[in-house]
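Below is one structure, written out as structure tokens; the observations come after it.
The values are calculated or read from the model by the stated rules, or taken from the named source; none is laboratory data. Since the structure is predicted, the reported quantities are computational estimates derived from the model, not experimental observations. With ideal geometry, Cβ positions are generated from the backbone for all residues, glycine too; neighbour counts draw on all protein chains shown. Heads up: the accessible areas ignore ligands, DNA and RNA and are worked out on the full protein's heavy atoms, side chains in. Shrake-Rupley method; radii C 1.70, N 1.55, O 1.52, S 1.80 Å.
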Amino acid sequence: QVQLVESGGGLVQAGGSLRLSCAASGRIFSDYIMGWFRQGPGREREFVAGITWSGGRTRYADSVKGRFTISRDAVKNTVTLQMSSLEPEDTAVYYCAANNNPRRIIYTTPNSMDYWGQGTQVTVSS
């Protein structure tokens with residue numbers, strides 16, 4: 001069992017920056033995929049960014065490319081999402097997620113993920 005705990009959410013003005021962190025408990029193996037999803041008001045949960053635990057290969061949603069950066073620290077078992085140039089459309093509950101993927105394919109569908117954090121609220125004002 002893998003447990004994920006997010007932190008770093010809050011209120012920010014449009015154009016500002018925010019950094020989210022995800023602390024993972026339990027052993028993370030080399031074939032695990034870590035990622036961030038979000039769900040805004042009245043929206044379905046959507047993919048934001050993903051990263052392979054080994055190698056650090058990344059994948060981003062088109063809506064956040066160039067603005068968000070995902071990274072991981074294998075020593076501390078943490079994944080971060082650095083967000084910049086935030087827009088009101090980025091307002092959502094952000095979830096850290098993980099799955100065990102021997103093929104190391106970064107899927108973008110929420111149904112592909114095995115473990116989820118509790119979520120952290122990010123609100124961007126205009």
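Points worth noting:
- With a cut-off of 15 Å between beta carbons, the residues surrounding ASN101 carry a summed charge of +3, where Lys and Arg count +1 and Asp and Glu -1.
- Model label sites at GLN121 and SER71, defined 7 Å from Cα along the beta-carbon direction, differ in position by 2.9 nm.
- Sulfur and carbon atoms: percent of accessible area, segment 69-126 [1.4 Å]: 46
- Whole-number D in µm² s⁻¹ for the chain, Kirkwood Cα-pair radius fed into Stokes-Einstein, 20 °C, 1.002 mPa s: 150
- Per-pair calculated FRET efficiency, R0 = 22 Å: THR109 and GLN3 via Cβ, rounded to 0.05: 0.50
- For GLY40, nonlocal amide neighbours, meaning residues 5 or more places apart or on other chains whose placed amide H falls under 5 Å from its own, are VAL93.
- Per residue, segment 1-116 exposes 51 Å² of accessible surface when a 1.4 Å probe is rolled over the protein heavy atoms with every protein chain present.
- Net charge over other residues, Cβ less than 9 angstrom from the Cβ of VAL124 (K, R count +1; D, E count -1): -3
- Residues in segment 82-87 carry Karplus couplings, in order, of 8, 10, 9, 6, 5, 10 Hz; the curve used is 6.51 cos²θ - 1.76 cosθ + 1.60 with θ = phi - 60°, and Gly or Pro positions show x.
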